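One structure below.
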Amino acid sequence: MLQRAHEMSEPMGSAHGSPDSAIGEDEQTGALSGLVTMRMISIFSLLRRREVLAHRQQFDLSEVEWRIMTLAGEHAPFSLSRLASLTLKDEGQLSRAVKKMVGRGLLKRHRKPGGPEIEIDLSADGRSAYRNMVERAIARDRRLTAQIAPEDLAALWRVTDIMIGNANALIEEERERSELTARR
């Protein structure tokens with residue numbers, strides 16, 4: 001079934017199933033639509049739009065606040081600099097969001113023992129909100145995968161695990177390239 005879905009997603013007019021064959025220069029965006037990663041980004045984008053609206057409506061959270069909540073639920077306690085590295089967001093923007101969320105009772109801040117660094121964690125109300133967010137995510141996942149056969153889901157997990165490994169390798173290669181460039 002996954003192979004069939006891939007075949008159905010091939011761009012029209014592509015010879016031999018190759019996304020970039022027979023594509024003119026003015027059709028470059030069409031070349032991207034045939035990439036697996038672009039399809040995954042499309043799914044992510046659709047889900048993100050829906051979740052941004054839902055989290056605003058149900059939890060009164062902005063996109064940045066929602067991201068902080070999910071990371072805090074999975075990784076807290078952490079420092080602001082660790083949060084910035086996890087989100088790839090500016091520490092100033094995150095600091096303002098954290099301060100607002102502490103004021104609303106969703107997060108708590110405390111000084112890390114033995115140092116000046118501040119740790120961020122979920123408060124009791126934040127843990128409750130996070131549990132509700134997790135329940136929604138599980139329900140969303142079940143709805144999205146309801147018509148997919150168990151063997152196809154297993155194949156999808158295997159494929160995405162490989163892709164995650166490859167993506168981590170790409171990140172490491174880029175870090176090494178950046179370090180080499182910085183040394184020059």
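The values are calculated or read from the model by the stated rules, or taken from the named source; none is laboratory data. On a predicted model such as this, the values are computed, not experimentally measured, just so you know. All Cβ positions, glycine included, derive from the backbone under ideal geometry; neighbour counts span all protein chains shown. Note: areas computed on protein heavy atoms with side chains; ligands, DNA, RNA excluded. Shrake-Rupley method; radii C 1.70, N 1.55, O 1.52, S 1.80 Å.
So, of the residues in region 37-92 that are outside any helix (DSSP H, G or I) and hydroxyl-bearing (Ser, Thr, Tyr), which turns out to be nearest to Lys112 (Cα to Cα)?
Selected residue: Ser79.
Do we have Leu80 as in contact with a Ser or Thr (Cβ under 7 Å, 6 or more places away or on another chain) and either modelled with pLDDT under 90 or open to solvent by 30 Å² or more (accessible area, probe 1.4 Å) (or both) here? Answer is yes for this residue.
Residues being touching a residue at least 60 places away in the same chain (Cβ under 8 Å) and under 18 Å from Glu74 (Cα atoms) are represented in region 136-146 by at least one member. Could you tell me whether Glu135 is assigned to a helix (DSSP H, G or I) and within 30 Å of Leu35 (Cβ to Cβ)? No.
So that you can scan it fast, the table gives a plain yes or no per residue for (1) part of a helix (DSSP H, G or I); (2) of a type in the set (S, T, N, Q); (3) farther than 20 Å from Thr37 by Cβ:
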site: Arg143; (1), (2), (3): yes, no, yes
site: Leu156; (1), (2), (3): yes, no, no
site: Val159; (1), (2), (3): yes, no, no
site: Asn166; (1), (2), (3): yes, yes, no
site: Glu174; (1), (2), (3): yes, no, no
site: Glu179; (1), (2), (3): yes, no, yes
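Checking each residue in region 73-129 for being hydroxyl-bearing (Ser, Thr, Tyr) and within 30 Å of Ile171 (Cβ to Cβ) picks out Ser79, Ser81, Ser85, Thr87, Ser95.
Here is a yes/no grid of residues against (1) over 29 Å from Lys99 (Cα atoms); (2) over 22 Å from the mean Cα position of the chain (by Cα):
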| site | (1), (2) |
| --- | --- |
| Lys112 | no, yes |
| Pro116 | no, yes |
| Ser123 | no, yes |
| Gly126 | no, no |
| Tyr130 | no, no |
| Val134 | no, no |
| Asp141 | yes, no |
| Thr145 | yes, no |
| Ala154 | yes, no |
